[in-house]
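The values are calculated or read from the model by the stated rules, or taken from the named source; none is laboratory data. Predicted model only: the values in this text are computed from it and were never measured. Please note: Cβ atoms are built from the backbone with ideal geometry, for glycine as well, and neighbour counts cover all protein chains shown.
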Amino acid sequence: MSFANAKWDLVNNEIEESSKEIAKALGLSPLLIQICRRRGYQTEEQIQEFLSSSPTLWHDPYLMYDMEKAIQRIQQAIETDESILIFGDYDADGITSTAVLYETLEMMGAQVEYYLPNRFIDGYGPNIRVFEEYLEKGVSLIITVDCGIAAHESVEWAMSQQCDVIVTDHHEIPPVLPKAYAVIHPRHPDGEYPFGDLSGAGVAFKLAHALLGELPVELAEIACIGTIADLVSLTDENRSLVKLGLQQLNQTERIGLSYLFQELQLTPGSIDEKTIGFQVGPCLNALGRLGDATPGVALFTTFDDEVAQEVVTLMQQENAKRKQIVDDITKEALELAKAQIDHKVLVLAQSNWHEGVLGIVASRIVEQLQKPTIVLGIQSDGLMAKGSARSCAQFNLYDALSYCQESLAKFGGHHMAAGLSVETVMLPGFMEAIETYAKQHPELLEDEKVIPIEEALSLSQVNVEFIDSLQALKPYGTNNAEPIFKISNILVGQKQKIGAQQQHLKLTLNSEQNQLQALMFNKGEWADSLNLQAEVEVIGTLEINEWQQNRLPQLMLKDIAVKDALIFDWRTNKIRPEHLSVKKAAYLVERDALKPLVSERIDTTSKVFSMEEWIKEEKQEDFNSIVFFDCPQSKEVIQEFRKHSYTQKMYIIAYTPKSIMTMGIPTRERFVAVYQYLKTHSNVPYNEKTGELATYLKIPLDQFKVILKVFFELKFVIIENGCLRLNPESTSMDLMQSTLMKQLQEELWLERVFIYSQFSELTNWLTNMEE
């Protein structure tokens, strides 16, 4: 049973004979060759190029449409001392694109400056206001980088003012191209460029290649950062660019980068696509997310030690601020999400939310709650809300927003991500419209997570030499994912929660004489559901853990599967959105009052049952999980449940709005006190004021009500003329003969097991049914 509710997709595990032959010829492992061939590299030559540390796959830049025309115009501008403006973008790709071209033109002696738009003032892409400002300063040639392919109005305006515009971009091409002097795009409809997935920085790099007449090796370290950060395909020429760039970054002489790496504690030799993607890229992006991205260009181009230090300090400050803002907004957004617990799509809007980080926040909400999420910041005037959307499963955001377009001021995007603006007065209508769309297409929200497995290994195969051989597959990224391996027939030797908040999981996995350390971030709670010496299967990526000159194999876990029952401790008296978001789950609800509330709010793939209904359910195999929503009320039924339950993954919430343990079961002394009072008072009215007697006798009202119910059940007390009287015909009887008292005692026992016991005790009881 998988912890992550995922399907593991293992490709054909057999190594072909032809792979063995190539492996022998190249002196490499057959498994490494097989991995290459699965990725589309079939011949010996293709595999050599793919694995080579010295990339040679570079395309002729002049195969791009309009490249020759653009080069001639730029050379003319340099020769005649024209003023040139580079217009970039505010993200990491835009910053690096600008730096690549700026450094190239400066080397060529051009009169050049650059402008990066401010997302909060200028918005995205070229605009007439900025162009007009620079034309007044004498600019006669504008070159856009990482933008401009859809900037028809501003490009045509500049061209009409006798200022030529060269557009270089890589984004989606609109049906009609802008009427620029030249349009350089790797997927230009009239071009012949063999690789269409360059980043903005990659296109700028190819322009530099053409301008300089040779491969601009020294610029690869800049362009590679934009390429990695923009998540383009790391195949073909991008792979060459990133390989070359990473080699340079590990020995960079750029003082800005050197200071940044020192601040990030990145040493030469340790810089790879992961450190760029998760550490360097976010620092660059933070500038444009919170304000002005312009200083980011100086990180690459400055020779001034003081300027370099100032830029790095600013980047670190802005990134720290960005992280805190994201954390704060995420926390507030999750609180708002609680009010939309029954919604299929979350629309979360609030004032004072920073527009620049809302895409990150939406991604975090999706990750936690597994629902398409729209996060909007209401602007200071209260009239407009702007923000970002992120999706999951098959839910197409662009289609959904198109359905709601009458409620929107503006939107754009694709399947998984979108940006939008909506007038605040239209927010209720928008929320209703997108919820209607989601309910009309429930199949779009049903998606089983599939994890592709590269190969099944035994623990004995996992060693430093094998992991070192995998390094040739790097850099990993889009269309060249890091291989995930499955390891079976192993035991959990040790388990540990690590991290400041005990949020991470560390395991020691054993098999005969072999041992492997395994880590998983942000899944510390899984330790509670893993038994020591449990037999497990695991999947994950392999890396080397280097510590004090020791190099040991380490598995970065993606998922764990166990043969025994998986039980998760969600016990609480405060229901959170994730408690109702388990997919394909049987929600076991015993209290009738709770059933409609749960049914309305759970995922469409899940269903509510009483325990007895679940025991009789003929299609238990349709459900992946069981959720004990409230505390069971019958030990006999729970015993029967374990005999007839197909599903092995269980979540224990045991929500109990009114606990027997908290209320307490009346003592014999309290029964006697009520009985004696009724014996000496024959006219106690039975109405809404009867509870005053509980106060007089100093008995909690809930217990007093139980006492009266037991007396009625055992016929100790009757109602006569609206008053409580002792029954003269009653006979002596043990209070525990009462069905109610037996039920309360049983519920109390079950509460002790399900709510108040140690989780290990509860797990043992559920799996073994020990008395």
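Across the range 377-391, the qualifying residues are those that are in a loop (DSSP other than H, G, I, E, B) and surrounded by fewer than 19 Cβ atoms within 10 Å (Cβ to Cβ), and the one among them that is nearest to the chain's Cα centre (by Cα) is Q379. Would the range 89-106 turn up any residue that is farther than 22 Å from G256 by Cβ, in the same structural domain as L212 (by TED's automatic domain parsing) and not charged (D, E, K, R)? No, the conditions are met nowhere in the range 89-106. Looking at Y90, Y115, just one residue is under 36 Å from the mean Cα position of the chain (by Cα), crowded, with 16+ Cβ neighbours inside 10 Å, hydroxyl-bearing (S, T, Y) and over 19 Å from D230 (Cβ atoms), and that residue is Y115. Considering F120, F87, the condition of being at pLDDT 95 or above and aromatic (F, W, Y) is satisfied by F87 alone. If we scan the range 352-371, do we find a residue that is in contact with a strand residue (DSSP E or B) (Cβ under 6 Å, 6 or more places away or on another chain) and either outside any helix (DSSP H, G or I) or assigned by TED's automatic domain parsing to the domain that holds G281 (or both)? Checked the range 352-371: at least one residue is in contact with a strand residue (DSSP E or B) (Cβ under 6 Å, 6 or more places away or on another chain) and either outside any helix (DSSP H, G or I) or assigned by TED's automatic domain parsing to the domain that holds G281 (or both). When only residues in the range 118-164 that are of a type in the set (V, I, T) and buried (at least 20 other Cβ atoms within 10 Å of the Cβ) count, which is farthest from the chain's Cα centre (by Cα)? Per the stated criteria, the residue is V139. Looking across the range 227-241 at every residue that is among the acidic types (D, E) and assigned to a helix (DSSP H, G or I), the one that is surrounded by the fewest Cβ atoms within 10 Å (Cβ to Cβ) is identified as D236.
Here F704 fulfils each of the conditions (1) in a helix (DSSP H, G or I); (2) surrounded by 14 or more Cβ atoms within 10 Å (Cβ to Cβ); (3) touching a residue at least 40 places away in the same chain (Cβ under 8 Å) apart from (3).
Restricted to strands (runs of 3 or more DSSP E) entirely inside the range 491-598, those with at least 2 residues that are under 27 Å from S757 (Cα atoms) and not aliphatic (A, V, I, L, M) are 504-511, 566-569.
When the criteria are applied in full, I374 fails the requirement of being in contact (Cβ under 8 Å) with a residue 24 or more places away in the chain, in a strand (DSSP E or B), hydrophobic (A, V, I, L, M, F, W, C) and surrounded by fewer than 18 Cβ atoms within 10 Å (Cβ to Cβ). Of P178, P194, P174, all but one fail to be surrounded by fewer than 23 Cβ atoms within 10 Å (Cβ to Cβ), part of a loop (DSSP other than H, G, I, E, B) and at pLDDT below 95; the exception is P174. Looking across the range 512-533, the residues that are without any contact (Cβ under 8 Å) to a residue 60 or more places away in the chain, hydrophobic (A, V, I, L, M, F, W, C) and surrounded by 14 or more Cβ atoms within 10 Å (Cβ to Cβ) come down to L516, A518, L519, M520, A527, L530. The residue that is farthest from the chain's Cα centre (by Cα), among those in the range 436-457 that are surrounded by 18 or more Cβ atoms within 10 Å (Cβ to Cβ) and either of a type in the set (S, T, N, Q) or farther than 30 Å from C36 by Cβ (or both), is Y437.
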